[in-house]
Amino acid sequence: MKLREISKDVYDVSGYLAEEFGAIGTPEREESTSKAWEEYNAQILLDARKHAGLTQAELAKRIGADKGYISRIERGITVPTVSTLYRIASAMGLTVELRPI
């Protein structure tokens, strides 16, 4: 699919996204969006763990889990429960903040 140029170096990718992931509102698009958020959150946790200077094994020990569990979370294979997310954040010296957008 050819991308539609809006202005110099600015392109409309909505057609490409619809072709690749389904039209907005379709189950296919919703599934793709959900998977993208899971991978995004997994990357945030991975980066936070590294920034905290912890290995997967050290983080796992702090939350009472095994290293494989942390690995699965960081690869986006497993989505932690909210309570586990809070434990992970706390173990890395972080907080989780919910605020209006």
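Every number here is computed from the coordinates shown, using simple stated rules; none is lab data. Please read these numbers as outputs of a predicted model, since none were measured by experiment. Methodologically, a virtual Cβ is constructed for each residue, glycine included, from the backbone with ideal geometry; neighbour enumeration extends over all protein chains shown.
To one decimal place, what Kirkwood hydrodynamic radius in Å is obtained for the chain from all pairs of distinct Cα atoms? All intermediate terms of the calculation are to be shown ahead of the outcome.
Values: mean 1/r = 0.0628 Å⁻¹.
Value: 15.9 Å, from the Cα pair sum.
May I ask you to list the GluC sites (Glu not before Pro) in the chain that are in a DSSP loop and have at most 10 other Cβ atoms within 10 Å of their Cβ? Before the final figure, lay out the partial values.
Working: sites: 5, 19, 20, 28, 30, 31, 38, 39, 58, 74, 97; in loops: 97.
Those satisfying the criteria are 97.
Please list, in chain and number order, the residues 5+ apart from residue 11 or on another chain whose amide H is under 5 Å from its amide H, with Hs placed from the backbone.
Answer set, sorted by chain and number: 6.
Taking the Cα centre of the chain as the origin, how large is its charge dipole in debye, to the nearest 20, when only Lys and Arg (+1) and Asp and Glu (-1) carry charge on their Cβ atoms? Intermediate results must be reported in sequence, preceding the final value.
Working: 14 positive and 15 negative charges, 108 e Å.
Computed charge dipole of the chain: roughly 520 debye.
Among 50, 61, 8, which comes first, then next, by fewest other beta-carbon atoms within 10 Å?
Values: 50 12, 61 15, 8 5.
In order of increasing Cβ crowding within 10 Å: 8, 50, 61.
Would you check the chain for Lys pairs whose C-alpha atoms are within less than 27 Å, ignoring same-chain pairs closer than 8 in sequence, and give me the count?
Numbers: 2/35; 35/50; 35/67; 50/61; 50/67.
Here the count comes out as 5.
Using amide H atoms built in the peptide plane, which far-off residues or other-chain residues are under 5 Å from residue 78 H to H?
Sorted by chain and number, the residues that satisfy this are 73.
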